[in-house]
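Novice: Handing you this structure, nothing more for now.
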Amino acid sequence: MILSLALDGFDNPFGGCTTHLASLIVAKFIREGYHLVDYPWLIRLNPAIPWKTRGNGAIAIHLYVDTTGEASKIVQMALKLAREYTGSKKACLVAIIWQDSSNLKDLVDQIAKTPLHMLYTKAVSVQVSTVEAQSILEEFKQYTIIVWGSERGLIGALASIGADLEYDYTFELLTYRHPKLWDKPRNIDTNTVIEFDLRTSPYTFLNYDYESRKQLITPHGLDPVLYGVRGEYPEILLKALDVIRVGEPPTHFTIFRTNQATDAHVRTLKPISMLRVYDCTEVCGTIRQLKTLPGPHVAISICDNTDCITAMVYRETGRLLREVQYLKEGDTICIRGCVKQHKGFLSFNVEKIYACIREEIHTIKPRCPICGSTLKSKGRNTLYCHNCNRKFNDLLFRLEQYPRLECKVLEPSPAAFHHLMMPLQRLFIRKPRGISPPSTPIFEEFTNM
């Protein structure tokens, strides 16, 4: 049997973090001799939801258990830690037991057949009601050991168990700080962050923004996380512990399997007329108008055969804002991002653009004055027509014009990426690989936590 323990909503402004609590629970389980089925799952949800927690992430921990009695004991252990930890009214803990699963593949296959899988698909890209989450929970009543906390946190907790990580996933190694240092500035050697990035790219990503000269591995403010590195394989992430130099000893690290950098929130294509507030999706259409606004920002009026919407590219996107200036009215583009409401109207916050840009190419093509065929060079000042079998000297060339279609991906500067957005570099190295048991340590303690 396998026990799935899910957490959501433990972030708070005073230093709380759902991943940190999960790491403490994992540490407790390992010390008690329990075995994890997989790395803890760190699942990021819809980034457009305004009432999301700071990190907008939920955690699912999967453990092997022999009996429901043992599962109940484990849940009580986790619940005790959660109650001591939380200062948030959004916190939620859910535990579900899978009696027919004996390994990771069984678990993934069984989850895929349940409503939890569909709940995840919705929670990562559209608005989900607490009524819907409660309805799904009712279906799992006989398998649910405990539900504790808020209804709002229930959505994320259940969605984390139902996450689809078989097609695409990444890993994140998070190191944590001693509580006494949470209110102190972090001291990370930026040169070693660059060294780590150069050594491990393209199999790690978003470590450093060379444009703004900022390292991207540390959070801001009161947070238990010292730094986090993200990549394709956990073995590569462990190199950070040897390469990146920090001004304080981390207490421990935990490796998570995640849906980060997968574009999981924008995998559906929707007509503009079907867009609703807080939807994250892809939209394709034709540019009707481009307008530069103070900021500067760029407003793109894009239309398909159902409707039109204003798509906003903000100053903070950096590189994306600069490149969008080359688009023209009439260009066909696909945009990825999320729908927000502004002054009573829907607008589309652009994260990425797939553009096919039409360019007029001017060239000189010598033509045969007799048959009109293209002439070939036969030496200096001499041209030859294969059709007429004639040579010509000193002909006047005609200027010709033809369209060229160039397709490209426009993405923002690295500093503008949020958790779910996929960097372009992953398109060339990611591949469906299935999901396999852990190949590295999941957790390691360095100092007293």
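Novice: Tally up the residues in the stretch 84-98 that are farther than 22 Å from residue 134 by Cα and surrounded by fewer than 16 Cβ atoms within 10 Å (Cβ to Cβ), please.
Specialist: Summing the residues that are farther than 22 Å from residue 134 by Cα and surrounded by fewer than 16 Cβ atoms within 10 Å (Cβ to Cβ) in the stretch 84-98 gives 2.
Novice: So, of the residues in the stretch 99-131 that are part of a loop (DSSP other than H, G, I, E, B) and more than 26 Å from the chain's Cα centre (by Cα), which turns out to be surrounded by the fewest Cβ atoms within 10 Å (Cβ to Cβ)?
Specialist: 100
Novice: Can you find, within the stretch 243-295, the residue that is surrounded by the fewest Cβ atoms within 10 Å (Cβ to Cβ) among those that are among the hydrophobic types (A, V, I, L, M, F, W, C) and part of a loop (DSSP other than H, G, I, E, B)?
Specialist: 277
Novice: From (1) outside the structural domain of residue 330 (by TED's automatic domain parsing); (2) at pLDDT below 95, pick out the condition that doesn't hold for residue 235.
Specialist: Condition not satisfied by residue 235: (2).
Novice: Out of curiosity, is residue 49 outside any loop (DSSP other than H, G, I, E, B), assigned by TED's automatic domain parsing to the domain that holds residue 152 and in contact (Cβ under 8 Å) with a residue 24 or more places away in the chain?
Specialist: Criteria not met by residue 49.
Novice: Moving to a separate point now. Identify the single condition in (1) over 24 Å from residue 142 (Cβ atoms); (2) in contact with a Leu (Cβ under 7 Å, 6 or more places away or on another chain); (3) at pLDDT 95 or above; (4) small (Gly, Ala, Ser) that residue 78 does not satisfy, given that it satisfies every other one.
Specialist: Residue 78 satisfies all of (1) over 24 Å from residue 142 (Cβ atoms); (2) in contact with a Leu (Cβ under 7 Å, 6 or more places away or on another chain); (3) at pLDDT 95 or above; (4) small (Gly, Ala, Ser) except (1).
Novice: Does the stretch 101-123 contain at least one residue that is more than 29 Å from residue 337 (Cα to Cα) and among the hydrophobic types (A, V, I, L, M, F, W, C)?
Specialist: The answer is yes; a qualifying residue exists.
Novice: Confirm whether residue 138 is outside any loop (DSSP other than H, G, I, E, B) and surrounded by fewer than 17 Cβ atoms within 10 Å (Cβ to Cβ).
Specialist: Yes.
Novice: Looking at the stretch 429-441, I want the residues that are over 26 Å from residue 26 (Cα atoms) and have a partner that is among the charged types (D, E, K, R) and in a loop (DSSP other than H, G, I, E, B) with Cβ atoms under 7 Å, at least 6 apart or on another chain. Which pairs are those?
Specialist: Pairs that qualify, where the first residue is over 26 Å from residue 26 (Cα atoms) and the partner is among the charged types (D, E, K, R) and in a loop (DSSP other than H, G, I, E, B), are 429/232; 430/168.
Novice: On to the next question. Tell me, which residue of the stretch 149-174 that is part of a strand (DSSP E or B) and under 20 Å from the mean Cα position of the chain (by Cα) is surrounded by the most Cβ atoms within 10 Å (Cβ to Cβ)?
Specialist: Applying the filter and picking the extreme gives 174.
Residue by residue, here is whether (1) in contact with a Ser or Thr (Cβ under 6 Å, 6 or more places away or on another chain); (2) more than 21 Å from residue 262 (Cα to Cα) holds:
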site: 294; (1), (2): no, yes
site: 299; (1), (2): yes, yes
site: 310; (1), (2): yes, yes
site: 316; (1), (2): no, yes
site: 335; (1), (2): no, no
site: 339; (1), (2): no, no
site: 343; (1), (2): no, yes
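Novice: Count, please, the residues in the stretch 52-83 that happen to be in a strand (DSSP E or B) and without any contact (Cβ under 8 Å) to a residue 60 or more places away in the chain.
Specialist: Of the residues in the stretch 52-83, 1 are in a strand (DSSP E or B) and without any contact (Cβ under 8 Å) to a residue 60 or more places away in the chain.
Novice: State whether one or more residues within the stretch 379-386 are part of a strand (DSSP E or B) and among the β-branched types (Val, Ile, Thr).
Specialist: yes
Novice: With (1) touching a His at 6+ places or on another chain (Cβ under 6 Å); (2) more than 30 Å from residue 445 (Cα to Cα) as the list, and residue 150 as the residue in question, which single condition is left unmet?
Specialist: Tallying (1) touching a His at 6+ places or on another chain (Cβ under 6 Å); (2) more than 30 Å from residue 445 (Cα to Cα), residue 150 fails exactly one: (1).
Novice: Another question about this same structure. Taking the residues in the stretch 22-58 that are β-branched (Val, Ile, Thr) and modelled with pLDDT of 95 or more as candidates, determine which candidate is nearest to residue 157 (Cα to Cα).
Specialist: Ranking the candidates gives 43 first.
Novice: Among the residues of the stretch 175-216, which ones are part of a helix (DSSP H, G or I) and either polar (S, T, N, Q) or closer than 26 Å to residue 421 by Cβ (or both)?
Specialist: 190, 191, 192, 193, 194, 195, 196, 197, 198, 199, 200
Novice: Just to be sure, is residue 39 crowded, with 19+ Cβ neighbours inside 10 Å, assigned by TED's automatic domain parsing to the domain that holds residue 145 and aromatic (Phe, Trp, Tyr)?
Specialist: yes
Novice: On to the next question. Has the stretch 245-252 got at least one residue that is among the polar types (S, T, N, Q) and in contact with an Asp or Glu (Cβ under 8 Å, 6 or more places away or on another chain)?
Specialist: Yes.
The values are calculated or read from the model by the stated rules, or taken from the named source; none is laboratory data. All values reported here derive from a predicted model rather than from experimental measurement. Cβ: placed from backbone, ideal geometry, glycine included. Neighbour counts: every protein chain shown.
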